[in-house]
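Since the structure comes first, as structure tokens, the remarks are kept for the end.
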Amino acid sequence: MVKIRLKAYKYRIYPTEAQKDLLIRSFGCARWFYNYALNLTSQTYKDTGKGLSRNDIIKLLPTLKEEYEWLPEAPSQALQQVALDLSSAFLNFFGKRAKYPNFKKRHKKQSIRFPQGIKLEGDYLTLPKIKKVYCKVSKLPQGKLKSVTVSMTPSGQFYASCLYDDGKEKPEPNSQGKAVGIDVGLTHFVITSDGTKHGNPKYYRKYEKKLAIKQKQLSRKQECSSNRNKAKVKVAKVHEKISRCREDFLHKLSRNLVDENQVIVVENLAVKNMVRNAPPLSTLNSIQGGSAVKNHSLAKSISDAGWGMFCTMLKYKAEWEGTTYIEVDRFFPGSKTCNVCLTQVDSLPLNVRTWTCEHCQTTHDRDINAAKNIKDEGLRILAGGHLAAASGVRVRPSKGTAFARR
């Protein structure tokens with residue numbers, strides 16, 4: 001089966017006031033139709049034991065357009081795509097990949113998708129009913145434009161995500177070359193098996209004071225007032241600034257790692273569980289390299305790091321370049337195992353950053369040692385699950401015993 005390589009390019013667009021008004025009304029129509037179809041599907045399932053298919057939802061449109069005279073203002077393609085989105089949401093729910101679909105809210109990010117009648121030429125993006133919209137294009141993609149998703153952020157900025165088929169097939173994974181193990185942390189964001197440490201920029205901490213000021217100003221505004229709406233936009237702009245800075249850092253770091261390595265091994269982290277069960281700093285004795293954190297748990301720092309987004313970027317970029325991407329089980333004892341003699345210690349508190357192996361007397365940096373063990377475990381998996389890794393060593397010790405290298 002041929003694997004088609006699709007790439008999305010996100011651009012900032014600058015619609016006129018008339019185009020903004022039409023887009024906002026289209027967002028509202030699509031949101032209303034999604035909520036209407038979701039409610040009807042849920043009610044139908046309760047009454048009959050069967051839901052509504054995508055075609056059943058699309059067939060509702062002609063009647064609804066006659067009943068609600070404002071509904072035809074939105075492009076018909078965008079409304080039809082709502083049925084596809086809802087159908088995909090239910091498929092993900094029944095496939096246990098997501099929770100039950102929720103109703104869309106008007107104060108969050110809004111989006112509509114156009115599958116046809118679209119064109120990107122020069123600095124202008126052509127959309128059905130919207131016509132030509134000025135688009136700030138940094139690089140014009142090559143290939144066939146498949147769809148365009150127009151979104152509006154809570155601060156009122158408009159973006160267009162253009163999905164392209166470049167006509168190239170996804171390359172087969174190639175494991176010949178340099179391999180690297182990656183361990184993530186808070187003091188240093190990424191620690192590689194070759195000893196390189198990449199700092200954690202902590203963008204939320206950087207803008208936390210500014211965000212607190214804007215949120216305090218928002219809390220003092222009267223409900224449903226014009227000033228309150230303006231204050232909401234100011235808070236949203238700070239959040240978007242943090243998000244853009246974080247994404248830029250993660251994109252650049254993941255791109256460098258994919259370009260420099262042919263095998264990338266990471267831990268399969270459950271970030272949501274880590275945020276939910278983040279331990280108090282009093283029990284960790286401050287693992288942030290001796291500098292105390294203001295809050296009483298690590299949940300905020302873990303969320304600020306963006307480990308999940310980073311692993312997602314690594315994965316799809318590795319697929320594009322034919323790089324082998326491997327995830328090691330999250331319960332693999334990488335930090336507690338000596339990478340030289342494979343002796344595993346019984347306990348290693350998080351505040352211990354360096355430790356000495358009792359068997360071979362090797363002093364380890366906790367994070368670099370974990371990255372090396374993650375790399376060896378990934379090579380073992382790549383070799384077919386055998387105890388002999390590509391480097392010719394045993395990488396899976398028996399619990400409570402020590403092994404000499406072979």
Trypsin sites (Lys or Arg not before Pro) within segment 103-205: DSSP coil, no more than 13 neighbouring Cβ in 10 Å:
Lys105, Arg106, Lys108, Lys109, Lys139, Lys178
HN-Hα J in Hz across segment 118-133 - Karplus 6.51, -1.76, 1.60, θ = phi - 60°, x for Gly and Pro
10, 7, 10, 10, x, 9, 10, 10, 9, 10, x, 6, 7, 6, 7, 10
Taking the Cα centre of segment 179-382 as the origin and placing charges on Cβ (Lys, Arg +1; Asp, Glu -1), which of Gln344, Ser254, Pro201 is farthest toward the positive end of the dipole?
Pro201
Return the single residue from Asn227, Asn261, Asn200 with maximal mean-square fluctuation; model: Gaussian network over the chain, springs between Cα atoms under 10 Å.
Asn227
Would you calculate the separation in nanometres between label points at Cys245 and Asp194, each defined as 7 Å from the Cα along the Cα-to-beta-carbon direction?
2.9 nm
Between Ala383 and Ser138, what is the FRET efficiency for a Förster distance of 30 Å, r being their Cβ-Cβ separation, to the nearest 0.05?
0.10
Expected vector for segment 349-358, Karplus 3J(HN,Hα) from phi with 6.51, -1.76, 1.60 and θ = phi - 60°, integer Hz, x for Gly and Pro, equals x, 5, 7, 8, 9, 9, 8, 10, 5, 6
Euclidean distance of C-alpha centroids, segment 291-364 and segment 149-201, integer Å:
18 Å
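Relative to the Cα centre, what is the charge dipole magnitude of the chain, using +1 at the beta carbon of each Lys and Arg, -1 at the beta carbon of each Asp and Glu, and rounding to the nearest 20 debye? The partial results should precede the final answer.
Details: 71 positive and 36 negative charges, 278 e Å.
So the magnitude is around 1340 debye.
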Nearest-0.05 FRET efficiency for Thr312 and Ser76 at R0 = 45 Å, using Cβ-Cβ distance, is 0.85
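Order these by the 10 Å Cβ neighbour count, fewest first: Ser225, Ser87.
Working: Ser225 10, Ser87 20.
Final ranking by Cβ density, sparse to dense: Ser225, Ser87.
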The chain: most fluctuating residue of Ala179, Ala89, Ala231 per GNM, C-alpha cutoff 10 Å:
Ala89
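Counting Lys and Arg as +1 and Asp and Glu as -1, each charge on the Cβ, what is the dipole of segment 179-382 about the Cα centre in debye, to the nearest 20? Please report the intermediate quantities before stating the final value.
Working: 33 positive and 21 negative charges, 407 e Å.
Computed charge dipole of segment 179-382: roughly 1960 debye.
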Quick note on Val340, Val352, Val133, ordering by fewest other C-beta atoms within 10 Å, gives Val352, Val340, Val133
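Can you give the Rg/Rh ratio of segment 4-169, where Rg is from the C-alpha atoms and Rh is the Kirkwood radius?
Details: Rg = 16.9 Å, Rh = 17.1 Å.
In segment 4-169, Rg relative to Rh is 0.99.
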Between Thr48, Thr126, Thr153, where does the largest GNM mean-square fluctuation fall for the chain, given springs only between Cα atoms within less than 10 Å?
Thr48
Vicinal HN-Hα couplings computed from phi for segment 62-75 (Karplus, 6.51 cos²θ - 1.76 cosθ + 1.60; Hz; Gly/Pro x)
x, 5, 5, 5, 6, 7, 10, 5, 7, 5, x, 4, 7, x
Rh_Kirkwood(the chain) over Cα pairs, Å, one decimal, evaluates to 24.9 Å
Listed by chain and number, the residues whose amide H is under 5 Å from that of Val328, excluding neighbours fewer than 5 places away on the same chain and using placed H, are Val266, Glu267, Asn268
Evaluate E = 1/(1 + (r/R0)^6) for Phe331 and Lys119, where r is the Cβ-Cβ distance and R0 equals 45 Å; express this FRET efficiency to the nearest 0.05.
0.35
With a cut-off of at most 12 other beta carbons within 10 Å, and DSSP calling the residue loop, which chymotrypsin sites (Phe, Trp or Tyr not before Pro) in segment 86-122 qualify? Please list them.
Phe103
Express in whole angstrom the spacing between the alpha-carbon centres of segment 17-88 and segment 99-118.
11 Å
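Pulled fully out, how much extra length does the chain show between Asp47 and Lys96, if you take 0.36 nm times their separation in residues and subtract their Cα-Cα distance? Provide the component values of the computation, followed by the final result.
Values: separation 49, 0.36 × 49 = 17.64 nm, distance 2.32 nm.
Difference between extended and current length: 15.3 nm.
Can you tell me the dipole magnitude for segment 4-169 around its Cα centre, using point charges on the Cβ only (Lys, Arg +1; Asp, Glu -1), in Debye to the nearest 20?
680 debye
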In the neighbourhood of Val180 defined by beta carbon distances under 9 Å, the net charge of the other residues (Lys, Arg +1; Asp, Glu -1) is 0
Sites removed, the longest contiguous part of the chain containing no DSSP-loop GluC sites (Glu not before Pro) with at most 13 other Cβ within 10 Å is 70-222
Between helix 76-94 and the chain: long-axis angle, C-alpha atoms, 0 to 90°, nearest 10
40 degrees
Kindly express, to the nearest 10 degrees and within the range 0 to 90, the angle between helix 366-382's C-alpha long axis and the longest C-alpha principal axis of the chain.
80 degrees
Considering the options Thr44, Asn92, Ala18, tell which one lies farthest towards the positive end of the dipole of segment 4-169, charges being +1 on Lys and Arg and -1 on Asp and Glu at the Cβ, about the Cα centre.
Asn92
For segment 1-71, which trypsin sites (Lys or Arg not before Pro) are in a loop by DSSP, counting at most 16 other Cβ atoms within 10 Å?
Lys3, Lys50, Lys59
Which of Pro171, Thr362, Leu61 sits closest to the plus end of the dipole of the chain, meaning its Cα is farthest towards the positive end, when Lys and Arg get +1 and Asp and Glu get -1 on the C-beta?
Leu61
Nearest-ten-degree value, helix 203-219 long axis tilted from longest Cα axis of the chain
40 degrees
Sequence neighbours fewer than 8 away in the same chain don't count; with that in mind, list the aspartates and glutamates whose C-alpha is under 14 Å from Lys146.
Asp165, Asp166
Test of understanding: what is the full-extension gain from Asp56 to Asn227, defined as 0.36 nm times their sequence separation minus their Cα-Cα distance?
57.2 nm
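Each value in this text was obtained by applying a stated rule to the coordinates, not by laboratory testing. This one's a predicted model, so the numbers in the text were calculated from it and none came from an experiment. Neighbour counts run over all protein chains shown; Cβ positions are idealised from the backbone, glycine included.
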